[in-house]
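A short write-up of the structure that comes next.
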Amino acid sequence: MQWLYLVGGSFGLREFAQIRYDVQKLHGKVDPTLKEKLKGNNVTLESEYKKLEKSDLDNWENIRGPRLWEDSKTVQKQQREAARLKTQ
């Protein structure tokens, strides 16, 4: 009786694995319009480095995000108010 479970389980596993691979094949196909957009996008490491060189990395401000227990709208409102008072 145990061999029946072993053989039946292996066939069942094979079917589930085949379904997984079939789904991956379907989702792996890329839309032709998206493929053309990706071909036209010539982003290189050098071009990104040049963009980074142009930016000012020495003058930045650390902005605290809301904690899990805080309301993000309230924190943003407080930060805006603090920034407004700072510029006055």
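Kindly indicate which of 6, 45 is open to solvent by 100 Å² or more (accessible area, probe 1.4 Å), within 29 Å of the chain's Cα centre (by Cα) and at negative phi. Result of the check over 6, 45: 45.
Here residue 70 fulfils each of the conditions (1) part of a loop (DSSP other than H, G, I, E, B); (2) open to solvent by 100 Å² or more (accessible area, probe 1.4 Å); (3) at pLDDT 85 or above apart from (2).
Counting residues in the range 33-51 that are among the hydrophobic types (A, V, I, L, M, F, W, C) and under 30 Å from residue 83 (Cα atoms) gives zero.
The values are calculated or read from the model by the stated rules, or taken from the named source; none is laboratory data. This structure is a prediction, so every number in the text was calculated from the model and none was measured. Just so you know, the surface numbers come from the protein's heavy atoms only, side chains and all, with ligands and any DNA or RNA stripped out. Shrake-Rupley method; radii C 1.70, N 1.55, O 1.52, S 1.80 Å.
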